[in-house]
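For reference, the structure is listed below as structure tokens.
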Amino acid sequence: MAERGRIKKLLEQAEEALGMNNRVRIVLYPMKYKVASVSLKSKIIRINRNFVSDFDDKELYYVLVHELIHIKIASLSHGEKFYEVLNRLFSLDETEEIENGIVKKLLGAGISTKKWLT
């Protein structure tokens, strides 16, 4: 249950950084190919419970920010608006470093990274 506390703390930090207070729910859920997914309607972020302990705080924070941005802009698109918000919190170099770390961990676990985050 320590992971839930860690996720809650990081979620609060991410919501604050994005100026949000949407009462987003987090569900730890086993997924075959994704790190996380989000429902815009229910404002639920599903985090792959099989990988939570593998990610450091920076990687998990990034995943939460990524999913929260979808809620903030009310779109699942990774378009210009999405990246405009993301780039306020992470430089391109930071984004690349974090995403590369996540992809390496997924590949190390034998997981396809074709559609690893939505």
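The values are calculated or read from the model by the stated rules, or taken from the named source; none is laboratory data. Just so we're clear, the structure is a prediction, and the values are computed from it rather than from any experiment. Methodologically, a virtual Cβ is constructed for each residue, glycine included, from the backbone with ideal geometry; neighbour enumeration extends over all protein chains shown.
For the stretch 22-53, what are the residues that are of a type in the set (D, E, K, R) and either over 23 Å from LYS104 (Cβ atoms) or at pLDDT 90 or above (or both)? So that I can check it myself, show each step before the final result.
Step one: list which residues in the stretch 22-53 are of a type in the set (D, E, K, R), which gives 23, 25, 32, 34, 41, 43, 46, 49.
Listed by number, the residues that qualify are ARG23, ARG25, LYS41, LYS43, ARG46, ARG49.
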Note to self: Tell me whether the stretch 20-34 contains one or more residues that are of a type outside the set (A, V, I, L, M), touching a helix residue (DSSP H, G or I) at 6+ places or on another chain (Cβ under 8 Å) and over 26 Å from SER112 (Cα atoms).
What the structure shows: yes
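Got at least one residue in the stretch 57-72 being touching an Asp or Glu at 6+ places or on another chain (Cβ under 7 Å) and hydroxyl-bearing (Ser, Thr, Tyr)?
First pass over the stretch 57-72, keeping only residues touching an Asp or Glu at 6+ places or on another chain (Cβ under 7 Å): 68.
With hydroxyl-bearing (Ser, Thr, Tyr) added as a condition, the list becomes none.
No, every residue in the stretch 57-72 fails to be touching an Asp or Glu at 6+ places or on another chain (Cβ under 7 Å) and hydroxyl-bearing (Ser, Thr, Tyr).
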Notebook entry, point to check: Mind checking whether some residue in the stretch 33-56 is without any contact (Cβ under 8 Å) to a residue 60 or more places away in the chain and touching a Ser or Thr at 6+ places or on another chain (Cβ under 6 Å)?
Noted result: yes
Margin query: I'm told THR113 meets every condition in (1) surrounded by 12 or more Cβ atoms within 10 Å (Cβ to Cβ); (2) part of a helix (DSSP H, G or I) except one. Can you identify the failing condition by its number?
Written below: (2)
